[in-house]
Amino acid sequence: MSMVRKLYGPYANPLTRIVRGLPDSWNPAVATMEYLYTAAAWSPCGRFIAISNHKSRTEILDAATLKRLNILGFLEGRTRKLVFSPDARLLMSFNVRPDRFISWDLQTGVLVSAISPKQWDDHEECHSITYSTCGTIFGALIRRLGTFIIRTYNVHSGTHTHTHPVEEEVVRNIWTRGECLRFAVVKSGSITTWEVGFASRNAPTEVESLPLPNNSPYDLYKNSLRPVLSRLAFTDSGRILV
């Protein structure tokens, strides 16, 4: 088993320590690696780790040996997000200045697409990215001047397909379930899951609403929500809620 631990180095930059082995065997003899990074991701199959550094170079590591498998080149702008496709054949990065979504083929190391949204402006932030199950479309959660929108794009052509505005405050992670993109919003006392088809022009529809303790503390908006099978997990005031 491998694990990525997020530490903090000089100037509050994230420093990753990758450790191999079971938790009770983490000692100086276990393989470790320290890396000053701006973004990191673990592939769904568990075989690869992608890490980007402050020089905007993305490296692919073997998750079992920590051996470098490939370098995906140097790109203009700092990488803020890294996401693997469901089959781990593609890697999506989001780079700022200029703001663009960049997709790589991991088998060949070839650049698949570099999407620079025409409607993007300096007030927009990308909080989360998720691929469709087939890996041909991706969705991005965008925050602009306090409001949220979800945009979908064709991975290979770079075409913007749909935009879905969201009126409520959205938890910062979006995810894929079946053929749909899902997201969650927090209201007083509850968290509600919504979904929309990746290729759908229709408005998102409500899936379910779950009760929350403590009358929905504000930090739920800012913390990561992790869907695992039929469960949702997120942090709240130093606790993990499932």
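The values are calculated or read from the model by the stated rules, or taken from the named source; none is laboratory data. On a predicted model such as this, the values are computed, not experimentally measured, just so you know. Cβ placement follows ideal geometry from the backbone for every residue including glycine, while neighbour counts extend to all protein chains displayed. The protein model used for the area step is the full one, side chains on, heavy atoms only, and it has no ligands, DNA or RNA in it. Shrake-Rupley method; radii C 1.70, N 1.55, O 1.52, S 1.80 Å.
Condition check ((1) modelled with pLDDT under 75; (2) touching a Gly at 6+ places or on another chain (Cβ under 9 Å); (3) not in a loop (DSSP other than H, G, I, E, B)) across all residues:
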| residue | (1), (2), (3) |
| --- | --- |
| M33 | yes, no, yes |
| A41 | no, no, yes |
| A50 | no, no, yes |
| E59 | no, no, yes |
| L66 | no, no, no |
| V83 | no, no, yes |
| M92 | no, no, yes |
| Q107 | no, no, no |
| D121 | yes, no, no |
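Does any residue of segment 124-132 turn out to be among the small types (G, A, S), open to solvent by 10 Å² or more (accessible area, probe 1.4 Å) and outside any strand (DSSP E or B)? No.
Going by what's in this entry, would G158 be described as loosely packed, with under 14 Cβ neighbours inside 10 Å and either touching a Lys or Arg at 6+ places or on another chain (Cβ under 6 Å) or over 17 Å from S128 (Cα atoms) (or both)? So G158 fails the test. Candidates are the residues of segment 201-210 that are of a type outside the set (A, V, I, L, M, F, W, C) and either open to solvent by 40 Å² or more (accessible area, probe 1.4 Å) or modelled with pLDDT under 90 (or both); the one that is farthest from T136 (Cα to Cα) is S209. Among the residues of segment 211-227, some residue qualifies, meaning at least one is open to solvent by 30 Å² or more (accessible area, probe 1.4 Å), within 17 Å of T133 (Cβ to Cβ) and modelled with pLDDT under 90. Scanning segment 170-196 for residues that are assigned to a loop (DSSP other than H, G, I, E, B), in contact (Cβ under 8 Å) with a residue 40 or more places away in the chain and over 21 Å from K81 (Cα atoms) yields G178, E179.
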